[in-house]
1. How large, in percent, is the carbon and sulfur part of the accessible surface of segment 37-144 at a probe radius of 1.4 Å?
2. Would you list TYR24, TYR171, TYR137 from the most to the least accessible area, probe 1.4 Å?
3. Tell me what the chain gives for mean residue ellipticity at 222 nm when only DSSP H runs of n ≥ 4 count, each as -39,500 (n - 2.57), the sum divided by the residue total, rounded to 500 deg cm²/dmol.
4. If we count GluC sites (Glu not before Pro) as exposed when they sit in a DSSP loop and have at most 14 other beta carbons within 10 Å, what is the longest stretch of the chain that avoids them all?
5. Given the protein chains as shown and a 1.4 Å probe, how many square angstrom of SER213 are accessible, to the nearest 10?
6. Compactness ratio of the chain: Cα Rg over 2.2 N^0.38 Å, N = residue count?
7. So, in nm, how far is label ASP76 from label LYS47 when the simple model puts each one 7 Å beyond its Cα toward the Cβ?
8. Once label points are set 7 Å from the Cα along Cα→Cβ at both ASP102 and ASP25, what is their separation, rounded to one decimal in nm?
Amino acid sequence: MRIILLGPPGAGKGTQAQFISKEYDIPQISTGDMLRAAIKEGTELGKKAEGIMKSGGLVSDDLIINLVKERIEKPDCANGCIFDGFPRTIPQAEALIEAGVDIDHVVEISVPDDEIVSRLSGRRQHPGSGRVYHLKYNPPKQEGLDDVTGEELIQRDDDKEETVRDRLATYHEQTSTLVGFYQNKAKEDANAPKYHQFDGTKDIEVVKQNILSALKG
Ligand code: AP5
Ligand code: ZN
């Protein structure tokens, strides 16, 4: 099973990816998490990505496509994977098609911009695993600590309001075009990925049930 999660920053892609990953025992491939790990490790990729991510822009298609191609070669992707935050541009989507990666479902989670700005101010993340929490909507069992490892949670550098607004603008300018791209493919071709859209303003648990039942189809 291969799934693409599509939606603006803060829509809940990472949150829902973790549920789908457990349900189907397939890995979550978050290009954002991979880039943050590269920054932490101080790799060449991390150095190139850091400033771009702080400004809310997109890292170049070439770098991202190579990163994803390498990742999907790993053995844990043999039975499928969940793409979280990839593709984000038409060239990235076309690179997947050219590489012969068959996608079963595209899952769009939509949330209006204003709700996203307030949502992201309350996000906390466990950097090691990518697990996400929210101070109000999904608090950790112990304040400031990851439920599984007990390690400290962090606030992402790009979650301050100004950067969130820039990331939203980038989404509307460069990524939202993928909605029409995949919707049209689903209409035109029976073998294209199935397209599903979900209201991401509902409770986390409700969104989860809606997505899982749609995937079971
Ligand atoms: P990335 O890490 O992918 O960030 P993003 O797309 O902006 O998405 P987020 O991770 O912010 O949100 P999410 O949808 O995962 O929401 P979450 O589940 O955490 O990318 C970061 C940067 O890396 C980009 O800006 C770009 O520079 C670069 N990059 C990454 N991929 C790239 C690519 N392919 N090409 C080029 N550049 C790339 O939830 C958010 C919060 O809300 C959490 O606190 C959560 O608990 C809470 N929440 C979730 N669902 C609900 C709900 N239903 N109700 C209430 N609260 C909820
Ligand atoms: Zn995410």
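The values are calculated or read from the model by the stated rules, or taken from the named source; none is laboratory data. Computed from a predicted model, the values in this text were never measured in an experiment. Don't worry about glycine lacking a Cβ; one is built from the backbone with ideal geometry, like all the others, and counts go over all protein chains shown. We work out accessible area using only protein heavy atoms, side chains counted, and drop any ligands, DNA or RNA first. Shrake-Rupley method; radii C 1.70, N 1.55, O 1.52, S 1.80 Å.
1. Taking all protein chains in place, segment 37-144 shows 50 percent carbon and sulfur surface.
2. Output order, biggest surface exposure first: TYR137, TYR24, TYR171.
3. -14000 deg cm²/dmol
4. That would be 1-72.
5. That residue has around 70 Å² of solvent-accessible surface.
6. Working it through for the chain, the quotient is 0.97.
7. 2.8
8. Those two pseudo-labels are separated by 2.1 nm.
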